[in-house]
């Protein structure tokens, strides 16, 4: 009976959207082709599987102590399986370098593809793409707050070698899986208080990045991305890798630019930046997060900011040029649920954008009918998006509505509750 209600509601919704010139079936086909990269660090509070003896650092902080945190790679993969099973579509998984499985201590500048073989096997078995991230924090050589921009040439060299090793790991994923890995570079380098010299650390960072990227890698195997930040804990006054720094670097060197929704001023959204940077760059990586007053990386919800990001990508016809990844960590709630909530909200935002009557809105705008543009935009907000989303979930074999939470509660009772 529930399925009958879902399909009946969808039939009515489809008619409503058709009246505005929208083909919901075409929109759903487009949505099904969009992979979201799930982030490993939500499942274990950015813990990883190495023991460097260093604090998390890098301006990162995870709050909460909800029971059931993954303690091993096998547990983390099992938790990710539970989340992916109730999110419609075929997606990707993003790893940090600190999530290696070596069975012994391995320095970060000596990482090899075989240290991530378990992850590659898992991804191949499930048809997932893999993405990668060098880990420039939680290490004794990062405790000063500087890595690739460090004043000490020896420290810089260590982190350059780490970046080189990570690109090779990313390329091995692309070769094994048959889909390019995105290896995303974010470094926390910066000062807590006002620096006397802003220029020199940026010159050092640029030289270090040039060394990291010196050897070309087939983009069919690995694509490099660089990620900016405005400020963080311990770098409130100055971050070496600012937006302007990485925008220029990406344009000059042909790298993907990563825009993280939580890495800008709390009143600054990234939606408007998308069309601006894609004027000059072929591709863009979006880290979808929810900064609350600062870069606090809250679980993604269906906010106006999220919907604006999705609208800009769809309205600008950028779906083939933008990659989506989740980036947050919340240990105050069920970690599997956090993955699911964020992913489903991002997909809902994309669906809402895909079933907009974009052609009509553009026609009104071009005619100078801004009254009509505003009126139609507001009417769209109460059209039955939920019925289209429920139909999509039903056809993809995942729980409809809030019933996915039943699966997570069951998994918590049967699996997470047994972890101590």
Matching entry among 156, 179 (being surrounded by fewer than 23 Cβ atoms within 10 Å (Cβ to Cβ), modelled with pLDDT of 95 or more and part of a loop (DSSP other than H, G, I, E, B)): 179
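Applying the selection to the stretch 390-420, what residues are assigned to a loop (DSSP other than H, G, I, E, B), more than 21 Å from residue 7 (Cα to Cα) and at pLDDT 95 or above?
Restricting attention to the stretch 390-420, the residues satisfying the condition of being assigned to a loop (DSSP other than H, G, I, E, B) are 396-400, 415, 419-420.
Still in the list and also more than 21 Å from residue 7 (Cα to Cα): 415, 419-420.
415 - this is the single residue of the stretch 390-420 that is assigned to a loop (DSSP other than H, G, I, E, B), more than 21 Å from residue 7 (Cα to Cα) and at pLDDT 95 or above.
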Odd one out for residue 11 among (1) free of Cβ contacts under 8 Å to residues at least 12 places away in the same chain; (2) in contact with a strand residue (DSSP E or B) (Cβ under 7 Å, 6 or more places away or on another chain): (2)
Residue that is nearest to the chain's Cα centre (by Cα) [pool: residues in the stretch 363-385 that are assigned to a helix (DSSP H, G or I) and exposed (fewer than 13 other Cβ atoms within 10 Å of the Cβ)]: 378
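Just a yes or no: is a residue in the stretch 103-111 closer than 24 Å to residue 330 by Cβ, touching a helix residue (DSSP H, G or I) at 6+ places or on another chain (Cβ under 7 Å), at pLDDT 95 or above and surrounded by 21 or more Cβ atoms within 10 Å (Cβ to Cβ)? Before you say what the answer is, go through the steps one by one.
Step one: list which residues in the stretch 103-111 are closer than 24 Å to residue 330 by Cβ, which gives none.
No: the stretch 103-111 contains no residue that is closer than 24 Å to residue 330 by Cβ, touching a helix residue (DSSP H, G or I) at 6+ places or on another chain (Cβ under 7 Å), at pLDDT 95 or above and surrounded by 21 or more Cβ atoms within 10 Å (Cβ to Cβ).
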Residue list for the stretch 218-241, filter: closer than 19 Å to residue 132 by Cβ and part of a strand (DSSP E or B): 222, 223, 224, 225, 226, 227
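The values are calculated or read from the model by the stated rules, or taken from the named source; none is laboratory data. Source: prediction; values computed, not measured. Please note: Cβ atoms are built from the backbone with ideal geometry, for glycine as well, and neighbour counts cover all protein chains shown.
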